[in-house]
2 protein chains.
Amino acid sequence: MADEVVLLDTWVSMFGMRVRIALAEKGVNYEYKEENLRDKSPLLLQMNPIHKKIPVLIHNGKPITESAIIVQYIDEVWNEKSPILPSDPYQRAQARFWVDYIDKKIYATWRETWLSEGEEHETRRKEFISIFKQLEEALGDNPFYGGDTFGFVDLGLIPFYCWFYTFETYGHFKMEEECPKLIAWAKRCMQRESVSKSLPDEKKVFDFAEAIHKELQSK
Amino acid sequence: MADEVVLLDTWVSMFGMRVRIALAEKGVNYEYKEENLRDKSPLLLQMNPIHKKIPVLIHNGKPITESAIIVQYIDEVWNEKSPILPSDPYQRAQARFWVDYIDKKIYATWRETWLSEGEEHETRRKEFISIFKQLEEALGDNPFYGGDTFGFVDLGLIPFYCWFYTFETYGHFKMEEECPKLIAWAKRCMQRESVSKSLPDEKKVFDFAEAIHKELQSK
C-alpha cells in the first residue's frame, strides 16, 4: 500500500515550512491542504483537538502534530535517505537543544517586539536581536548547524529567513549588520531546492504581517 | 573507561526528578550535586550558559540540558535495558507530544494559579484542573501512558505527583475527586522503586512552596 500523506498547513507558517522542507528532503509525495486559521476546517479540529494548530501531518490517517515532533517522525519513518538528525546521541541532544531554543525564544519574542511600543519595544527588540546573535555564535565557523551537512537545526531555523525582512522592518535593524555569518548560512541553505521551494517570498510575508498589524492596531 | 556521570539538580524540581528516575530505570551510577538556585555554582553557569537552569546531566565532561532532551539522551546511550521511548515512530511521536504538552502547560499555569488572586485565580485554577483532566483522558483505561509498561510520558508526568498536595492546597481542589484515574495511575507508578526513591515527600514540597509564597507576598 502506498503511503497516504496529507499536510495541513498555512503558507506563511515557519513551523509548516519545516515540515515542507523535511518532506522535500526525503522525497515524500503529499497532499498539501491550506488552512484558513480564522475558519479552521473540521479536519484540522479533528486531527489536532488539543492545540487546534497547524502544521498537522496525517500519515495513513493518523495525525502527528508540533513541527519539531513531526520532523523527527519523518526522519524516523523515511529513514533510508537524507538523515535529518545526527546518529550520535550527544549530537542529537545538542540538535534538539537548539531547536527547542528556537521554539522557546524566536516567535514569542518576535510577537512582543512587533506589538509593543516605546521603551517596551526597545527592550524587546534588543532581546530579539540577541537571540539571533546567540544562534550565530552556536553556528561558529561551520557551514551548517549539522556541521558539513544540512540537519535538524538548519531545518528548524531556516524558515525564519523569509521573515527576516519583516523582522528588520518592524525591529529597525539589519540582520546582515548584526549577524553576517547567519546571513551567509541562510544563503547556503537557500541553495537547497528543498528549502528554496518551501519558503515564500519575503515581501509577500511582509504584506501579510503588515495587514495583520494594521488590523490589530485599529482594534 | 567507566562513564563519569554527574547530575546538577535541585531536590524539589519536577524536571530534575525526571532525570533521577531515568537514571534509576537504567541503573546508572552518578554523582548528585544539589544546586542552590539563588547562588548558582560556577559549574552550573559553565555547563548551561544559555538557560542557567537545572537539571544538567554531565556525561564524561559534556553537558546535556532540558529534562525531556536529557531523558531521550539517557534512553539512547544506555539502550540495553528498560526502554523509555517506544520503538514505533508513531508511538514515539505521540509520547513526545504529551511530554511537550506537560512542559507547555503544567508549570506555567501552576505559577499563574499560585500567584494570582480573585477572579484571575478562579480562571487559572479551572484551567489548571482542566490540564489534568485532559491528561487523564489521554491515559484512558491503560495502566500506563506507555500502555502496559512505564514509559516516556509516565516518567515525564509522575514527578508532579509529589506536588499534588501543594497544587490542591493552593488551588482548592482534590485531585482524587477531579481525576481519580490519574491518582490510581500515580499510585501504580509509585510502586516502582525508580520513582518512589526519586520523589521527595509531598509535605516537604509544600513547606518549600509555602516559604517561597510568603516571601513573594511580603515583597
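What follows is calculated from the coordinates using simple rules that are stated; it is not laboratory data. Bear in mind the structure is a predicted one, so any value in this text is a computation, not a measurement. All Cβ positions, glycine included, derive from the backbone under ideal geometry; neighbour counts span all protein chains shown.
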*Under 1.5 on a/c is rounded, so check that first for region B:1-113, then, if it is not, pick prolate when a/b is larger than b/c and oblate when it is not; a ≥ b ≥ c are the square roots of the alpha carbon gyration tensor eigenvalues.*
oblate
*For the protein assembly as shown: Kirkwood Rh in Å [reciprocal of mean 1/r, alpha carbons]*: 23.4 Å
*If you put a point 7 Å past Cα along the Cβ direction, how far is that point for residue B:50 from the same point in each other copy, in nm, smallest first?*
2.3
_Cα-centred dipole magnitude for chain B, charges only on beta-carbon of K, R (+1) and D, E (-1), debye, nearest 20_ = 300 debye
*Cα centre as origin, Lys/Arg/Asp/Glu Cβ charges: the protein assembly as shown dipole, Debye*: 40 debye
*Can you spot the lysines whose alpha carbon is less than 22 Å from residue A:62's alpha carbon? Ignore those fewer than 8 places along the same chain.*
A:26, A:33, A:40, A:52, A:53
*Over all distinct Cα pairs, what is the inverse of the mean 1/r for chain B, reported as the Kirkwood hydrodynamic radius in Å?*
18.2 Å
*asked:* As a test of the formula, what do you get for the protein assembly as shown when each DSSP H run with n ≥ 4 contributes -39,500 (n - 2.57) and the sum is divided by the residue count, at 222 nm and rounded to the nearest 500 deg cm²/dmol?
replied: -18000 deg cm²/dmol
*Tell me which residues come under 5 Å, amide H to amide H, from residue A:145 once H is placed; ignore anything under 5 positions away on its chain.*
A:151, A:154
*Based on the mean of other Cβ atoms within 10 Å per residue, sort peptides B:63-75, A:119-131 so the most packed one is first.*
B:63-75, A:119-131
_Inter-centroid distance (Cα atoms) of region A:81-130 relative to region B:159-209, Å_ = 33 Å
_Per-residue mean of C-beta atoms belonging to partner chains within 10 Å, peptide A:86-99_ = 5
_Given an 8 Å cut-off on Cα distances and at least 6 residues of separation, report the relative contact order of region B:1-135 as a percent._
21 percent
*Most mobile listed residue (B:32, B:161, B:145) in chain B, GNM with C-alpha springs under 10 Å*: B:32
_Show me, for region B:211-216, the HN-Hα J-couplings you get by feeding each phi into the Karplus relation (A = 6.51, B = -1.76, C = 1.60, θ = phi - 60°), rounded to Hz, glycine and proline as x._
4, 5, 4, 4, 5, 5
*Enumerate the calculated ³J(HN,Hα) couplings along region B:15-20 in order (Karplus 6.51 cos²θ - 1.76 cosθ + 1.60, θ = phi - 60°), each rounded to whole Hz, writing x wherever the residue is Gly or Pro.*
6, x, 4, 4, 5, 4
*Taking θ as phi - 60°, what are the ³J(HN,Hα) couplings along region A:33-46 by the Karplus curve (6.51, -1.76, 1.60), each to the nearest whole Hz, with x for Gly and Pro?*
10, 6, 9, 9, 6, 8, 8, 5, 6, x, 5, 4, 5, 6
*Report, as an integer, the average count of C-beta atoms from other chains found within 10 Å of each Cβ along B:110-118.*
0
